[in-house]
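Trainee: Below are the structure tokens for one structure; questions will follow.
The values are calculated or read from the model by the stated rules, or taken from the named source; none is laboratory data. Predicted model only: the values in this text are computed from it and were never measured. Virtual Cβ from ideal backbone geometry, glycine too; neighbours counted across all protein chains shown. For accessibility, only protein heavy atoms count, side chains too; no ligands or nucleic acids. Shrake-Rupley method; radii C 1.70, N 1.55, O 1.52, S 1.80 Å.
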Amino acid sequence: MATEFVESSEIRALFAAQMSEMYRLEVPAYGDLVSLVEDINAEKLAQDPTLEDRLRATGGLNRLNQERHGAIRLGSARELQLIRRFFAVLGMFAVGYYDLGPSGMPVHSTAFRPVDPAELSKNPFRVFTSLLETRAISDPSIRDDADAVLRQRQIFSNEASELLLRFEDRGGLTQTQVEEFVPALVDTFKWHEQAALTVDQYNSMNQIHQLVADIVSFKGPHINHLTPRTLDIDAAHSTMPHRGITPKETIEGPPRRKCPILLRQTSFKAIEEAVVFQGENGEAVQGHHRARFGEIEQRGAALTQKGRSLYDATLQKAHDLMAEGGPRHAALSTAFGQFPDDWTQIRQLGLGFFQYQNVSGDRLTGRSVGDLEALVDDGLVRADPITYEDFLPVSAAGIFRSNLTDESARECVSFSLNEFETSLGAEVRNPFYLYESLQRDSIHSALR
Ligand code: OOG
Ligand code: NI
């Protein structure tokens, strides 16, 4: 009898559920945030049948309440390569490249996520994964210290590593192996109260950059947030204080619109946690650290390169207006006045990606791509915006920044996709190609 391997979507769903369970126990405010988001989503779906219909048509309705993204920060190329191999077991691959260097962070990032639409609709779990570049540390002795600590660090258990090798060797894991593998992998991302450094080492890393201290001081890459997806971030944001959660003032990304695009996010500040540092003579020294926070997101439509360039220019214009002293709200709405807020216009101008479906009840033989707009117009084909599955570097920098208490000017460096891919040991997938091919496939099957 052939051994039955478990589908990667099932392993991923189990992993996501166990991560959520762990985070709920470790950071109770996360549980409050999840229940708030569930309430708001139920309300929104009841009020907005068009939204419900679109989510159903694009396979997004069932996944909604289990949908999360997490974030981790790694210390070396070796850790990044291992994470890539572990996430492959869960059917998650590196998509998109985000250089946070120009925003004053010593990291660059990718997101591990499923790529196939069918996989996304089963469970879209994503992990925003950042890699520390110690060469951004200007003090050579602290840099050497950090490198030495990171070289020694083993973030995965032997059990998880053995099962990874078995997966790679045999091409899958059995149910029994999955039941051992998932908790062992989840353990990698738990909070470590016991620091790997002395309090003096921690303080000197913290002075260089709080992110350096967060990444180097601990025995593992603790998950630092787990984000549920809301259908109405403004409602969720204004309800947070009523549930005892203090959000940051602003929502990152585009302003509220009739046609949501890309990604809007907001967060609450990291909680202070007790840490036990190593003392000089082996005794324990009590201290604390802020790492783990909460975030919510609202996902809108994926934009084409052309749409994205317009978004970037629009956001830049809003920031310029703010720099001139304009209030944030006014600056955003003035700037975004130039970004069409109508799905037909967004489609006809080629600003967004759409999924097409033949709803005529007949074959559309003899019709070609050139007829698509007319078919949509006549109601024979429906066009639904494709959900954006990725992240935004300016918004991500805002999320990072909201958890740094030290706002002193920092050196900005620039990293590159090339060096990231070398560290990863693989190519990063280009999100634009993924949306493009999803759109193309839907057109082909609509016109078949
Ligand atoms: C990651 C921050 C970025 C997002 O949603 O844009 C992020 C981090 O703080 O490690 O999670
Ligand atoms: Ni996030």
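Trainee: Looking only at region 295-313, count how many residues are open to solvent by less than 10 Å² (accessible area, probe 1.4 Å) and without any contact (Cβ under 8 Å) to a residue 60 or more places away in the chain.
Mentor: 2
Trainee: Okay, moving on. Name the residues in region 345-369 that are surrounded by fewer than 17 Cβ atoms within 10 Å (Cβ to Cβ), at pLDDT 95 or above and of a type in the set (Gly, Ala, Ser), would you?
Mentor: Gly350
Trainee: Turning to a different aspect of this structure: Inside region 352-374, can you point out the residues that are closer than 19 Å to Asp342 by Cβ and in contact (Cβ under 8 Å) with a residue 24 or more places away in the chain?
Mentor: Within region 352-374, Gly352, Phe353, Phe354, Gln355, Tyr356, Leu372, Glu373 qualify.
Trainee: Those residues that are away from ligand 2 (no atom under 14 Å from the Cβ) and aliphatic (A, V, I, L, M), I need them from region 100-118; list them, please.
Mentor: Val115, Ala118
Trainee: Quickly run through region 107-119 and pick out the residues that are open to solvent by 10 Å² or more (accessible area, probe 1.4 Å) and either touching a Ser or Thr at 6+ places or on another chain (Cβ under 8 Å) or under 30 Å from Met205 (Cβ atoms) (or both).
Mentor: Result: Glu119, single match.
Trainee: Working carefully through the options Ser103, Ser76, find the one that is crowded, with 16+ Cβ neighbours inside 10 Å and closer than 17 Å to Thr422 by Cα.
Mentor: Ser76
Trainee: Follow-up question, since we're still on this one. Give region 1-42 a look and list any residue that's farther than 20 Å from Glu295 by Cα, surrounded by fewer than 19 Cβ atoms within 10 Å (Cβ to Cβ) and either in contact with a Pro (Cβ under 7 Å, 6 or more places away or on another chain) or of a type in the set (D, E, K, R) (or both), or say none.
Mentor: If the condition is that a residue be farther than 20 Å from Glu295 by Cα, surrounded by fewer than 19 Cβ atoms within 10 Å (Cβ to Cβ) and either in contact with a Pro (Cβ under 7 Å, 6 or more places away or on another chain) or of a type in the set (D, E, K, R) (or both), then Glu4, Glu7, Glu10 are the ones that fit.
Trainee: Same structure, new question: Which condition breaks for Leu372 when tested against (1) in a helix (DSSP H, G or I); (2) under 22 Å from Gln210 (Cα atoms); (3) open to solvent by less than 20 Å² (accessible area, probe 1.4 Å); (4) touching a helix residue (DSSP H, G or I) at 6+ places or on another chain (Cβ under 9 Å)?
Mentor: Leu372 satisfies every listed condition except (2).
Trainee: Kindly evaluate Gly220 against the criterion of being crowded, with 18+ Cβ neighbours inside 10 Å, modelled with pLDDT of 90 or more and out of contact with any strand residue (DSSP E or B) (no Cβ under 8 Å at 6 or more places or on another chain).
Mentor: Taking the combined requirement at face value, the residue satisfies it.
Trainee: While we're looking at this one, here's another question. List, please: which pairs have Cβ atoms under 8 Å, are six or more places apart or on different chains, and start with a residue in region 184-205 that is assigned to a loop (DSSP other than H, G, I, E, B) and end with one that is open to solvent by 10 Å² or more (accessible area, probe 1.4 Å) and among the acidic types (Asp, Glu)?
Mentor: The qualifying pairs are Lys190/Glu26; Trp191/Glu26; Trp191/Glu273; Glu193/Glu273.
Trainee: State which residue is nearest to Thr188 (Cα to Cα) when the search covers only region 224-239 and only residues that are open to solvent by less than 40 Å² (accessible area, probe 1.4 Å) and more than 16 Å from ligand 2 (Cβ to nearest atom).
Mentor: Applying the filter and picking the extreme gives Leu231.
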